[in-house]
Amino acid sequence: MIEKDKQSNIFIISGPSGVGKDTLMDIVANNHPDTVHIAITATTRKPRTNELNGINHYFYNETKFKNLINQNLLIEWAKVYDNFYGVPYSEITNNLNLDKKVLLRVDVQGAKRLKKIIPHSIFIFINPESEDDLMLRLKKRHENSDVDIQNRIKESRKEIKEADWFDYIVVNYPDKIDKAVEELTILLGLIKWK
C-alpha cells in the first residue's frame, strides 16, 4: 500500500495509443532528471525499434509476467492489444522514497483501476487535437499495420469519452509539443503558471 500523502507525487498519464504520451513524458523527465522518474512498465509485447529492456519497458515472456502477477509485484496490470502490461510496485515506491515525482503511463482502463488503488494521485489525460491527427501519428510510427491502426482509432474513440473523469486534460497539438510539455510540467508542480 502507498501512503495517502505520497500519492500526490504519483502522476497517472493516459490517453489514446499514439497521442504522444511517451514523447511528452520523456521530454519532461529529461528536463528534470533529478525530480522526475518515469515508471518502467513490464510487458509481454515485443520491443519496438530502439527500445531497450529495463529502459523503455521490462520485456517478459507470458510465464514470467504471470509470475509477477502471482507474487503481487505489480500495482496494476492488464491485457491490452493481445499483450500483458503492468506497473511494478518497486518502480513507484523506490522513487517516491527518493522524493521524486513518479509518472505512470497506463491505458484508460489501467487508470480506472489505479483510481481505486491510489485515489489521491493526479490523473492526466493526453488528448489529440483530432482523430485525423491521431491517425497521422500512428502512421508515422511505421510500427502498426493498417488494421491495427483502425483498431487503435476505434479504441481511442472510447478512451476519449472517458477523459472527463481525469483531473486534467492536456491537448497535444501537432507541431506544438512545447505547449503540451509546458502544461504537463506545470501540472507536475515543476514550474509556475505564466
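The figures follow:
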{"read-out": "Failed item, numbered, when G18 is tested on (1) more than 26 Å from V170 (Cβ to Cβ); (2) in a loop (DSSP other than H, G, I, E, B); (3) touching a helix residue (DSSP H, G or I) at 6+ places or on another chain (Cβ under 7 Å)", "value": "(1)"}
{"read-out": "T93 polar (S, T, N, Q), in contact (Cβ under 8 Å) with a residue 12 or more places away in the chain and not in a strand (DSSP E or B)", "value": "yes"}
{"read-out": "Residues (over 12 Å from S17 (Cα atoms), of a type in the set (A, V, I, L, M, F, W, C) and under 19 Å from the mean Cα position of the chain (by Cα)) located in region 126-181", "value": "A163, W165, F166, I169, V170, V171, I177, A180, V181"}
{"read-out": "Lone qualifier among N30, N67 - being in a helix (DSSP H, G or I) and open to solvent by 80 Å² or more (accessible area, probe 1.4 Å)", "value": "N30"}
{"read-out": "S145 being of a type in the set (S, T, Y) and either buried (at least 18 other Cβ atoms within 10 Å of the Cβ) or touching a residue at least 24 places away in the same chain (Cβ under 8 Å) (or both)", "value": "no"}
{"read-out": "Residue within region 43-60 that is modelled with pLDDT of 95 or more, in a strand (DSSP E or B), buried (at least 16 other Cβ atoms within 10 Å of the Cβ) and touching a Pro at 6+ places or on another chain (Cβ under 9 Å) present", "value": "yes"}
{"read-out": "Filtered residue count, region 152-194, keeping only those that are open to solvent by 80 Å² or more (accessible area, probe 1.4 Å), in a helix (DSSP H, G or I) and either within 17 Å of V80 (Cα to Cα) or touching a helix residue (DSSP H, G or I) at 6+ places or on another chain (Cβ under 7 Å) (or both)", "value": "3"}
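The values are calculated or read from the model by the stated rules, or taken from the named source; none is laboratory data. These numbers come from a predicted model, not from an experiment. As a convention, Cβ positions derive from the backbone with ideal geometry for all residues, glycine included, and neighbour counts pool all protein chains shown. The protein model used for the area step is the full one, side chains on, heavy atoms only, and it has no ligands, DNA or RNA in it. Shrake-Rupley method; radii C 1.70, N 1.55, O 1.52, S 1.80 Å.
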